[in-house]
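The next block holds one structure in the form of structure tokens; read it before the comments.
The values are calculated or read from the model by the stated rules, or taken from the named source; none is laboratory data. Bear in mind that the values here come from a model prediction, so they are computed numbers and not experimental data. As a convention, Cβ positions derive from the backbone with ideal geometry for all residues, glycine included, and neighbour counts pool all protein chains shown.
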Amino acid sequence: MKKRKDIIIAITETAIFVALAIVFELLSKLIGLSLPQGGSISLTMLPLLIISIRRGIGYGFVAGLIFGIINFFLDGFYWHWGSIFFDYLFAFPVLGLAGLFRKKVVKSSNYLIPAFSLAVFMRFLFSFLSGVIFFSSYAPEGYLSKYGELFGAIIYSIVYNGSYLVLSLLLCLIIAFAIYPVIFYKIDLEKIKK
């Protein structure tokens, strides 16, 4: 009976964190921090990263997938059907990889840096690939004429996606360090070892 109760609590907690991510995404759009071809500087990733550390990779992956689907319907921004996968269905679930550092983050807040950085870097890879494959035609002419079509698209995608993801990562880390004692206080180390 206790195991069933724990699962219900974990699912409920995951749903709450997904809802919080959606609120942060809507706030970033309301404030106007969104970029022209998608992406924004926001705290959207923070709840997904936190649930990954609190509950593990599986819950983080599911939370990211649910958020990605809902975000697609809220945002609806795509130029090619393939970008739906790269920008929504692949990019957000990989934030669950922060859960790899679960045991270490519980012991020391310093491990938030590699946990968040790995997860956001993996999200960057999917956004970068989407930028090169599906959005290269939106690269400014200066990039394409100076570096060539493919290399210009690569540089543009790195700059475009890297700019908002690095700033969002830093924002998430600052807030996570500030609220670390509050958000991670109820994790039972004995359950993590199992």
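Structure summary
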{"item": "Qualifying residue in region 124-133 (condition: modelled with pLDDT of 95 or more, in a helix (DSSP H, G or I) and of a type outside the set (Phe, Trp, Tyr))", "result": "yes"}
{"item": "Qualifying residue in region 43-58 (condition: touching a Ser or Thr at 6+ places or on another chain (Cβ under 8 Å) and surrounded by fewer than 22 Cβ atoms within 10 Å (Cβ to Cβ))", "result": "yes"}
{"item": "Test: residue in region 149-157 that is over 26 Å from PHE85 (Cα atoms), part of a helix (DSSP H, G or I) and modelled with pLDDT of 75 or more", "result": "no"}
{"item": "Count of residues meeting criterion [within 20 Å of SER136 (Cα to Cα) and of a type in the set (D, E, K, R)] in region 82-117", "result": "1"}
{"item": "Residue match in region 33-47 (condition: at pLDDT 95 or above and more than 25 Å from PHE135 (Cα to Cα))", "result": "yes"}
{"item": "Cβ-Cβ under 6 Å pairs, at least 6 apart or on other chains, region 137-150 side of a type in the set (A, V, I, L, M, F, W, C), far side at pLDDT 70 or above", "result": "ALA139/GLY152; ALA139/ALA153; ALA139/TYR156; LEU144/GLY152"}
{"item": "Filter result for the condition that a residue is at pLDDT below 95 and surrounded by 22 or more Cβ atoms within 10 Å (Cβ to Cβ), over ASP75, ASP87", "result": "ASP87"}
